[in-house]
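Student: Before anything else, here's the structure in question.
The values are calculated or read from the model by the stated rules, or taken from the named source; none is laboratory data. Just so we're clear, the structure is a prediction, and the values are computed from it rather than from any experiment. Cβ atoms come from the backbone with ideal geometry, glycine included; neighbour counts cover every protein chain shown.
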């Protein structure tokens, strides 16, 4: 299971990439594989305020529904419309084309590094 | 518990899920690709978690007529029948397929989660008959090949005349050099076969079917796509559409109860008084991509009128489909209802089942 070194992670199996004060958020390959084929993604809208640890959307696979938790607090600057239109990209390319939304954030909460996240997925 | 094919699945990179105490492949790569393979080519399933119970003896037919709601004595050797086992109150203990292998020999195939109950009940219910009940589940593997290419794939591997093997029929056959009970049955809405083989031969049978199927686009297929396939085909799943609280009449399957057969059967008296259920099983069609799911409420004008039993975004049809129990007043096809999808009302329409029928 791929866990890129340059990203940060949450216990809810999301990844975060920080570029300046903008955090890009997606779900990990582990999450994508556990969900199965993703068929529906509901994201927050640009301009929405999200709060770290709170639900801000949903991901549905054929078998299950999972809440999407925002790993960071701030204002949503952009959402990935191509994921809404073609949710299968979450399975195909979770760390790149399958990113979900971007948040302008003042302070990043404490997140897991790749090694800590890898250890977490071993426990599951 | 693990099936005889567990290592084969591991080698194929399967993800596993617990199903009735069994570690079963839920998918190998993508359940949507597996679903599509079954609809357009073929899928290969390990269903060895299911229960196989043999009933033999001079009064085997009479014992089954008493134990089940169907008339199994009327099934000709070589044919099979879908039936149900009910309790004395008429509640469904399991829905199953019964193969008549010979005049005095039947094979009862039970759902994995109910196999122990069915085996125990059959033993108890056959007590006053000259019949023997033997649970063969532990030593029997079940492999299914389902899809429009299934007949061509199996045909390459056997001398059995598949054109004369009708739907819901079975025959002993040699398939790829292995002795099997070859049945034309399934749970996908497609043509296909189910092969009952001894556990120690399962890997060999799986291998020859994989090799023969490869040029036809056969994929190994897990329980995730099995569920969406059966839902599209409008087939009930025990635990979702069927339970001991419900009778066959609730599920719209009253036709399997053969009141006209002579003699008593377990549940007869109760079922006779429960022919008009207070809720009935319907199909629902949604719009968009949010599927109502098991346990969600159904509303009509804000009033609670029923509950979703199964639901998914249909991979074949591209819109949400579901089955639900509703009050009879809201069961007419065309009725507009709404499903409470996690606090949001999604419009759904009652439609007749099945959602999908093979062409």
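Student: Residue check, residue B:8 against (1) farther than 23 Å from residue B:134 by Cα; (2) touching a residue at least 40 places away in the same chain (Cβ under 8 Å); (3) more than 14 Å from chain A (Cβ to nearest Cβ); (4) not in a helix (DSSP H, G or I), all met but one. Which one?
Tutor: (4)
Student: Would you confirm, using the coordinates I've provided, whether residue B:280 is crowded, with 21+ Cβ neighbours inside 10 Å and more than 14 Å from chain A (Cβ to nearest Cβ)?
Tutor: No; evaluated as a whole, the condition is false for this residue.
Student: Show me the strands (runs of 3 or more DSSP E) found entirely inside segment A:1-118 where at least 1 residues are surrounded by fewer than 21 Cβ atoms within 10 Å (Cβ to Cβ) and away from chain B (no Cβ under 14 Å).
Tutor: It comes to A:14-19, A:22-27, A:65-69, A:74-79, A:101-104.
Student: Specify which of the listed residues (B:31, B:52) is in contact (Cβ under 8 Å) with a residue 12 or more places away in the chain and more than 18 Å from the chain's Cα centre (by Cα).
Tutor: Of B:31, B:52, the one residue that is in contact (Cβ under 8 Å) with a residue 12 or more places away in the chain and more than 18 Å from the chain's Cα centre (by Cα) is B:31.
Student: Do the conditions hold for residue B:142, that is, is it within 30 Å of residue B:9 (Cβ to Cβ), touching a helix residue (DSSP H, G or I) at 6+ places or on another chain (Cβ under 8 Å), at pLDDT 95 or above and assigned to a strand (DSSP E or B)?
Tutor: It is false that residue B:142 is within 30 Å of residue B:9 (Cβ to Cβ), touching a helix residue (DSSP H, G or I) at 6+ places or on another chain (Cβ under 8 Å), at pLDDT 95 or above and assigned to a strand (DSSP E or B).
Student: Checking the condition within 24 Å of the chain's Cα centre (by Cα) and under 24 Å from residue B:339 (Cβ atoms), which residue from B:287, B:314 passes?
Tutor: Matching residue, one of B:287, B:314: B:314.
Student: Moving to a separate point now. All but one of (1) out of contact with any strand residue (DSSP E or B) (no Cβ under 7 Å at 6 or more places or on another chain); (2) in a helix (DSSP H, G or I) hold for residue B:187, so report the exception by its number.
Tutor: Every listed condition holds for residue B:187 apart from (2).
Student: Also, I was wondering about something else. What single numbered condition from (1) more than 19 Å from residue B:32 (Cα to Cα); (2) within 14 Å of chain A (Cβ to nearest Cβ) fails to hold for residue B:319?
Tutor: So residue B:319 meets the others, but not (1).
Student: Let me ask something additional. Looking at segment B:337-352, can you tell me whether even one residue there is surrounded by fewer than 21 Cβ atoms within 10 Å (Cβ to Cβ), without any contact (Cβ under 8 Å) to a residue 40 or more places away in the chain, out of contact with any strand residue (DSSP E or B) (no Cβ under 7 Å at 6 or more places or on another chain) and more than 14 Å from every other protein chain (Cβ to nearest Cβ)?
Tutor: no
Student: Still on this structure, I have one more. Sort out which residues of segment B:283-298 are buried (at least 18 other Cβ atoms within 10 Å of the Cβ) and either more than 18 Å from residue B:234 (Cα to Cα) or not assigned by TED's automatic domain parsing to the domain that holds residue B:314 (or both), and write them in order of number.
Tutor: Selection gives B:290, B:296, B:298.
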